[in-house]
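To start, the structure itself, in structure tokens.
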Amino acid sequence: MKRSKKERQQLLNLTIKENPFITDEDLAEKFQVSVQTIRLDRLELSIPELRERIKTVAEKRFEDEVRSLPLEEVIGEIIDIELDSSAISILDVKQEHVFKRNNIARGHHVFAQANSLAVAVINDELALTAKANIQFKRSVKLHERVIAKARVIKIDEVVDRTFVEVTSFVNNELVFTGEFEMYRSNNR
């Protein structure tokens, strides 16, 4: 059944509100139009692409959970978090993260992703890195996706410290490990 552009756009808007994770390809199939038509409709309706919609949903979900720093200060995108337990973030390595001469990511970006995840996982309004023992296992390159996983190993309330282990992977290959000793104010 051929719909008018206005009707299709109204249904498109409703469909994306109901399921923000639906792809342009699935929408094109549902409305029996080209992917390009869906993209043009989204542009006219100011509906962001799938990646931005996922990011927005994740930010809304985690903004009330992360206490130790604002979400926009986390390096990478948090995709899962359980305070004082574990967290996962993703960092897509782009041109601004790499050395121009060899397209290898600067180490401070990989470290920053791990360190900010170690801060974010702490259920406290103040969390600071007291000490870090890190090891880079291999270079990360342009266009690779780094998945960092943080795990709280120990909470020592006597000295207001939380110990967090972070491992970072590219395609299931370990690229970075870090053990972070985090100061927390203990205002839980």
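Data overview
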| quantity | calculated |
| --- | --- |
| All positions within region 99-135 that are small (Gly, Ala, Ser), under 13 Å from Glu181 (Cα atoms) and in a strand (DSSP E or B) | Ala127, Ala130, Ala132 |
| Flag if Ser139 is surrounded by 15 or more Cβ atoms within 10 Å (Cβ to Cβ) and touching a helix residue (DSSP H, G or I) at 6+ places or on another chain (Cβ under 8 Å) | no |
| Odd one out for Lys30 among (1) among the basic types (Lys, Arg); (2) over 25 Å from Ala118 (Cα atoms); (3) at pLDDT below 65 | (3) |
| Subset of region 24-52 (residues that are outside any helix (DSSP H, G or I) and either over 26 Å from Glu77 (Cα atoms) or touching a residue at least 60 places away in the same chain (Cβ under 8 Å) (or both)) | Gln32, Val33, Ser34 |
| Residue in region 88-98 that is touching a helix residue (DSSP H, G or I) at 6+ places or on another chain (Cβ under 7 Å) and at pLDDT 95 or above present | yes |
| Residue under evaluation Phe21, criteria (1) modelled with pLDDT under 80; (2) surrounded by 15 or more Cβ atoms within 10 Å (Cβ to Cβ); (3) part of a loop (DSSP other than H, G, I, E, B), criterion not met | (2) |
| Which listed residue, of Val166, Val170, Val158, is of a type in the set (Val, Ile, Thr) and in contact with a Ser or Thr (Cβ under 9 Å, 6 or more places away or on another chain) | Val166 |
| Residue under evaluation Ala150, criteria (1) in contact (Cβ under 8 Å) with a residue 60 or more places away in the chain; (2) hydrophobic (A, V, I, L, M, F, W, C); (3) within 21 Å of Arg51 (Cβ to Cβ), criterion not met | (3) |
| Hey, Thr129 more than 19 Å from the chain's Cα centre (by Cα), crowded, with 18+ Cβ neighbours inside 10 Å and closer than 23 Å to Ile79 by Cβ or not | no |
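Table: residues versus (1) modelled with pLDDT of 95 or more; (2) within 21 Å of the chain's Cα centre (by Cα); (3) under 20 Å from Glu73 (Cα atoms).
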position	(1), (2), (3)
Asn102	yes, no, no
Ala105	yes, yes, yes
Ile122	no, yes, yes
Asn172	no, yes, no
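The values are calculated or read from the model by the stated rules, or taken from the named source; none is laboratory data. Quantities reported herein were computed from a predicted structural model and do not represent experimental measurements. Backbone-built Cβ (ideal geometry, glycine too); neighbour counts: all protein chains shown.
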